[in-house]
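Peer 1: Sending over a structure as structure tokens; questions will come in a sec.
The values are calculated or read from the model by the stated rules, or taken from the named source; none is laboratory data. Note that this is a predicted model, so its numbers are computed, not measured. Virtual Cβ from ideal backbone geometry, glycine too; neighbours counted across all protein chains shown. Ligands, DNA and RNA are excluded from the accessible area calculation, which covers all protein heavy atoms including side chains. Shrake-Rupley method; radii C 1.70, N 1.55, O 1.52, S 1.80 Å.
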Amino acid sequence: MVLQMDITPLNRWISDGGKPFIISGPCSAESEEQVIETARRLSEIKQVKAFRAGIWKPRTRPGTFEGAGNVALKWLRRVKEETGLLTATEVANEKHVYEALKYGIDILWIGARTSVNPFTVQEIADALTGVDVIVLVKNPINPDIDLWTGAIERVARAGIKKIGAIHRGFSAFEKTVYRNQPNWQIPIELRRRIPGLPILCDPSHIGGARKYIFEISQKAMDLNFDGLIIESHIDPDKALSDAAQQITPDTLKEILCRLVLRSPDPSDPRLLDELGELRQQIDIFDDHLLDLLERRMQIADKIGLFKKRNNITVLQSARWDEVISKAISKGKAKGLSAELIDTIFKAIHQESINRQIRIVNNGLESNNFEERKETSDFTDFHNKT
Ligand code: PEP
Ligand code: MN
């Protein structure tokens, strides 16, 4: 799926726009002093172009600080007047949109707990019809790329052209180092699906702790993200929400200076030639991989026929255990991580099982991919184990 949308390039969003587009400010607007002082210090950092602050805060549990509400809109307006920074806030319903627009907020973002709900996204999109404002859509809390794509489509269909996405990681039940899992392949696939869509990374909500902000930001830059939205506070330890992940404007400045920015394509033609040659080699190996996969699947089909004729079950767990452990140890000797081998071999094995089940049950000796896609009742062995 590739969707053509009329998207204004990021470098035309603002007069001195360009990459990386940096948005920073507190998780929540807590008081006029906190907002103005944080903004004043951020405005001294040349890379920072916009000031963020949540006004209506979606909190996981009740009884915690839920934002200062409408009164904070005036504080953001002051930020714009006094510092020249653009202002950004989260909107979670149509009322928020109308209020924010009344106060000239420049960037509205749709949070992760909202982009998950098509009814609410549509309500917000309807309120945005005919308005010229920047809208950023955070990924939904669950790793569902269609839901994220759909939310962006709804906003784009309302006529918003300065539209972008924010990768803020995905919730997981298992405890991991980061607060929200950055499944990087999802924003990368989103960029493929919606050409020209600017994507920012939110290292604060991915990491959930100050110490991870730099490494996640650098990773996002290396993956050619268009910008960063980073939470900052004049006194992070005293923040009323997300204290552990907020950093001071000074720390932000230091992080931004340390970031290594690489360009996606070298401008020097000699370097481009060298890269082109290496890419050609990669293409050749990718072709080899495809040939090998084709041949491997042909053998799997023959095994399927053999099992059918001799009434043998498709899956023999012991054989599979042997295959995967042998592959992992051979891969290790070649400097390939166990994670890579495990993922690739499981996917290949799953495909072999699917093909063999089809052969055993339907007796079809052809395994045309398009035909097979129509039959969806394959046993999903790896997803169930
Ligand atoms: C936020 O940016 O403060 C926020 C609530 O983020 P998310 O929607 O990503 O949780
Ligand atoms: Mn926050």
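Peer 1: Scan Gly196, Gly208 and give me the residue that is at positive phi, in contact (Cβ under 8 Å) with a residue 12 or more places away in the chain, open to solvent by 10 Å² or more (accessible area, probe 1.4 Å) and within 16 Å of ligand 1 (Cβ to nearest atom).
Peer 2: Details: Gly196 fails: within 16 Å of ligand 1 (Cβ to nearest atom).
The conditions single out Gly208.
Peer 1: If you don't mind, another one. Could you please find all residues in the range 238-277 being within 16 Å of ligand 1 (Cβ to nearest atom), part of a loop (DSSP other than H, G, I, E, B) and farther than 16 Å from Gly208 by Cβ? Talk me through it step by step, then tell me what you get.
Peer 2: Keep residues of the range 238-277 that are within 16 Å of ligand 1 (Cβ to nearest atom), which gives 239-247, 252.
Adding the requirement that they be part of a loop (DSSP other than H, G, I, E, B) leaves 239-242, 246.
Within the range 238-277, just Leu240 meets the criteria.
Peer 1: Checking Val314 against (1) over 28 Å from the mean Cα position of the chain (by Cα); (2) surrounded by fewer than 16 Cβ atoms within 10 Å (Cβ to Cβ); (3) not in a helix (DSSP H, G or I), which single condition isn't satisfied?
Peer 2: So the condition that Val314 fails would be (2).
Peer 1: Taking only the range 44-67 into account, find how many residues are within 15 Å of ligand 1 (Cβ to nearest atom), small (Gly, Ala, Ser) and more than 26 Å from Gly227 (Cβ to Cβ).
Peer 2: Residues of the range 44-67 that are within 15 Å of ligand 1 (Cβ to nearest atom), as a first pass: 50-61, 64-67.
The next check asks that each one be small (Gly, Ala, Ser); those that pass are 50, 53-54, 67.
Still in the running and more than 26 Å from Gly227 (Cβ to Cβ): none.
Residues in the range 44-67 being within 15 Å of ligand 1 (Cβ to nearest atom), small (Gly, Ala, Ser) and more than 26 Å from Gly227 (Cβ to Cβ): 0 in total.
Peer 1: With the condition kept exactly as written, say whether any residue in the range 136-153 is farther than 24 Å from Phe225 by Cα and either within 16 Å of ligand 2 (Cβ to nearest atom) or open to solvent by 50 Å² or more (accessible area, probe 1.4 Å) (or both). Please lay out each step first, then the result.
Peer 2: Initial filter on the range 136-153 (farther than 24 Å from Phe225 by Cα): none.
No, the range 136-153 contains no residue that is farther than 24 Å from Phe225 by Cα and either within 16 Å of ligand 2 (Cβ to nearest atom) or open to solvent by 50 Å² or more (accessible area, probe 1.4 Å) (or both).
Peer 1: Additional query: Within the range 49-67, track down each residue that is open to solvent by 10 Å² or more (accessible area, probe 1.4 Å) and in contact (Cβ under 8 Å) with a residue 24 or more places away in the chain. Step through it out loud before you land on a result.
Peer 2: Within the range 49-67, the subset open to solvent by 10 Å² or more (accessible area, probe 1.4 Å) is 49, 56-67.
The answer is Lys49, Trp56, Lys57, Pro58, Arg59, Thr64, Phe65, Gly67.
Peer 1: Please go through the range 68-95 and give me each residue that is open to solvent by less than 20 Å² (accessible area, probe 1.4 Å) and either on the phi < 0 side of the Ramachandran plot or touching a strand residue (DSSP E or B) at 6+ places or on another chain (Cβ under 9 Å) (or both), ordered by number.
Peer 2: Result: Ala72, Leu73, Leu76, Val79, Leu85, Thr87, Ala88, Thr89, Glu90, Val91.
Peer 1: Considering only the range 158-178, state which residues are surrounded by fewer than 21 Cβ atoms within 10 Å (Cβ to Cβ) and touching a Ser or Thr at 6+ places or on another chain (Cβ under 9 Å).
Peer 2: If we filter the range 158-178 for residues that are surrounded by fewer than 21 Cβ atoms within 10 Å (Cβ to Cβ), which is where we start, we get 158-159, 161-162, 170-178.
Those that are surrounded by fewer than 21 Cβ atoms within 10 Å (Cβ to Cβ) and touching a Ser or Thr at 6+ places or on another chain (Cβ under 9 Å): Ala158, Gly159, Lys161, Lys162.
Peer 1: Please find, within the range 225-254, the residue that is surrounded by the fewest Cβ atoms within 10 Å (Cβ to Cβ) out of those that are closer than 14 Å to Asp202 by Cα and away from ligand 2 (no atom under 16 Å from the Cβ). Don't jump to the end; show me each part of the working.
Peer 2: Step one: list which residues in the range 225-254 are closer than 14 Å to Asp202 by Cα, which gives 225-232, 242, 245-247, 252.
So of that shortlist, the ones also away from ligand 2 (no atom under 16 Å from the Cβ) come out as 225-227.
Working: Phe225: 24, Asp226: 21, Gly227: 27.
Restricting to residues being closer than 14 Å to Asp202 by Cα and away from ligand 2 (no atom under 16 Å from the Cβ), the top hit is Asp226.
Peer 1: Quick check on the range 255-269: of everything there that is closer than 16 Å to Arg279 by Cα and either in contact with a Leu (Cβ under 6 Å, 6 or more places away or on another chain) or not charged (D, E, K, R) (or both), which residue is surrounded by the fewest Cβ atoms within 10 Å (Cβ to Cβ)?
Peer 2: From the range 255-269, those closer than 16 Å to Arg279 by Cα are 264-266, 269; that's our starting set.
Imposing the further condition that a residue be either in contact with a Leu (Cβ under 6 Å, 6 or more places away or on another chain) or not charged (D, E, K, R) (or both) reduces the set to 264, 266, 269.
On the way: Pro264: 7, Pro266: 13, Pro269: 9.
So the residue we want is Pro264.
Peer 1: Sticking with this structure for a sec: Does Gly84 qualify as being within 16 Å of Ile229 (Cα to Cα), touching a residue at least 24 places away in the same chain (Cβ under 8 Å) and not hydrophobic (A, V, I, L, M, F, W, C)? Break it down into steps so the answer makes sense when it comes.
Peer 2: Values: within 16 Å of Ile229 (Cα to Cα): no; touching a residue at least 24 places away in the same chain (Cβ under 8 Å): yes; not hydrophobic (A, V, I, L, M, F, W, C): yes.
Considered against the rule, which asks whether it is within 16 Å of Ile229 (Cα to Cα), touching a residue at least 24 places away in the same chain (Cβ under 8 Å) and not hydrophobic (A, V, I, L, M, F, W, C), Gly84 comes out as no.
Peer 1: On to the next question. Going through Val35, Val48 one at a time, which residue ends up being assigned by TED's automatic domain parsing to the domain that holds Leu200, of a type in the set (Val, Ile, Thr), within 16 Å of ligand 2 (Cβ to nearest atom) and touching a helix residue (DSSP H, G or I) at 6+ places or on another chain (Cβ under 6 Å)?
Peer 2: Sole residue among the options that is assigned by TED's automatic domain parsing to the domain that holds Leu200, of a type in the set (Val, Ile, Thr), within 16 Å of ligand 2 (Cβ to nearest atom) and touching a helix residue (DSSP H, G or I) at 6+ places or on another chain (Cβ under 6 Å): Val35.
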